[in-house]
Structure formats: structure tokens, C-alpha cells
Amino acid sequence: MAKRSKSGLKHKRQSERRRLANQAVLSRLKTLTKAARTNPEKLAQAVSELDRAARKGIIHHNTAARTNSRLMTKLTTGTPTPASPARGGARENGKAGTKATP
């Protein structure tokens, strides 16, 4: 086995520390997002945390914006967003299933 450099070992330690911290933030975001779907009072906190995670680079800013948009849409309309066909949701013509009919 090759000898590890000091900087390589340090990078490994830093990466592990960052991974654990980011994992905790992602878990919290998931919890807050689920809570915001059912409880409108939690919406502001969820949006704030999503924006904060995006600023820190834990999640992509487009991911935060998309999630915020979906939460706001659900709050204003009161109904869930329709499932997309790509994820196995309902098709536009009203038929269920994933294969196209000839």
C-alpha cells in the first residue's frame, strides 16, 4: 500500500467532517419540508432553511428554488402538485401505465 501524504489525510478528515454536517442539514431540510406540507406555520422556517442551505452550497440553488416553489404552490392552491408521467404519475390523456399505446 502506498504511503498517504499528510495533506491527503487532512483532506480525508475534512471531507468526513463536512459529509456528516451536510447530512444533518439535509435530514433537517427533509423534516421541515414534510412539516410545511401539512402545517402552513412551518412554511417560513422551511423556506428560510432551504435558502440558507443553498447559500452554503449544501444543496443547489435551483433545487432550493424548486422546492420553495412547490411548497408555495401547495399552500396557495391547497392541493398537491400533479405527478409527472416520468415518475409514474397520471398521464395527460387520462390513462394509467408507462407504455405508450400505438
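Taken together, the values in this text are just the output of simple stated rules run on the coordinates, not laboratory data. Quick caveat, the model's predicted, so the values are computed rather than measured. Note that we place each Cβ from the backbone using ideal geometry, even for glycine, and neighbour counts take in every protein chain shown.
Any residue in segment 34-53 that's under 14 Å from Arg70 (Cα atoms): show its pairings with residues that are of a type in the set (Lys, Arg) at Cβ separation under 8 Å, as long as the two are six or more apart or on different chains.
What qualifies is Ala35/Lys42; Ala36/Lys42; Arg37/Lys74.
Among the residues of segment 1-35, which ones are more than 13 Å from the chain's Cα centre (by Cα) and within 24 Å of Thr76 (Cα to Cα)?
Ala35, the sole residue that qualifies.
Name, by its number, the condition in (1) within 11 Å of the chain's Cα centre (by Cα); (2) surrounded by 10 or more Cβ atoms within 10 Å (Cβ to Cβ) that does not hold for Asn62.
(2)
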